[in-house]
Amino acid sequence: MKIEVGTIVNTHGIKGEVKVKSNSDFTDVRFQPGEVLQAELNGKTTALTVRSYRMHKGLHMLTFEGIHNINDIEHLKGATLTQERDHEEITLEENEFYYSDIIGCTVFNGDEAIGRVTEIFETGANDVWVVKGEKEHLIPYIADVVQSVDVEARKIVITPMEGLLSE
């Protein structure tokens, strides 16, 4: 099964480097040189092998094998990058989940649905889930807040800290 790992948002310089906004976890593994990604745009899929990877201003900067100038990659601006979900170097620990398992889950405060997870931010200390319902909420993925995650039922139950769900 393939999962979305990022989007090519722009080119960088003239040597074929691209800026990628990550939609994935484990980017330190998924974007390493030698990894194969699929670029999907307008119904067409192109296989790309990562040649180099670095971080720059919060974006993932990638170059690919066989692409040495901007003209070879510019047509893939806006492409979605995918990769096989199961990766031999990725082992989930207890209470670790693939982003693709969390995004789309409905978040409940007790029995009340407050919205769906639409995006995940990595902050260093912990991930923050963007939950959109009638309002948008930022929910930290910490034990004090997230009580249970049921990936099969697509349900997350939280106990919000004071002020977390208020304006």
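Observations on the structure shown:
Yes or no, residue by residue, for (1) in contact (Cβ under 8 Å) with a residue 12 or more places away in the chain; (2) under 17 Å from the mean Cα position of the chain (by Cα):
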{"residue": "His12", "(1), (2)": "yes, no"}
{"residue": "Asn23", "(1), (2)": "yes, yes"}
{"residue": "Phe26", "(1), (2)": "yes, yes"}
{"residue": "Arg30", "(1), (2)": "yes, yes"}
{"residue": "Gln38", "(1), (2)": "yes, yes"}
{"residue": "Thr45", "(1), (2)": "no, no"}
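- Subset of region 78-128 [open to solvent by less than 20 Å² (accessible area, probe 1.4 Å), under 16 Å from the mean Cα position of the chain (by Cα) and at pLDDT 90 or above]: Ala79, Leu81, Cys105, Val117
- The condition of being at negative phi, outside the structural domain of Lys57 (by the TED database) and assigned to a loop (DSSP other than H, G, I, E, B) holds for only one of Glu119, Glu134, that being Glu134.
- Here the condition is being open to solvent by less than 50 Å² (accessible area, probe 1.4 Å), assigned to a strand (DSSP E or B) and modelled with pLDDT under 90; of Val20, Val5, Val50, it holds for Val5 alone.
- Members of region 144-167 found to be assigned to a loop (DSSP other than H, G, I, E, B) and free of Cβ contacts under 8 Å to residues at least 40 places away in the same chain, listed by number: Asp144, Val145, Glu152, Ala153, Met161, Glu162, Gly163, Leu164, Ser166, Glu167
- For region 59-69, the condition of being modelled with pLDDT under 90 and either under 16 Å from the mean Cα position of the chain (by Cα) or open to solvent by 40 Å² or more (accessible area, probe 1.4 Å) (or both) holds for at least one residue.
The values are calculated or read from the model by the stated rules, or taken from the named source; none is laboratory data. Just so you know, these numbers come straight off a predicted model, no measurement behind them. Quick reminder, even Gly has a Cβ in these numbers, built from the backbone with ideal geometry, and neighbours come from all protein chains shown. Heavy atoms of the whole protein, side chains included, go into the accessibility calculation; ligands, DNA and RNA do not. Shrake-Rupley method; radii C 1.70, N 1.55, O 1.52, S 1.80 Å.
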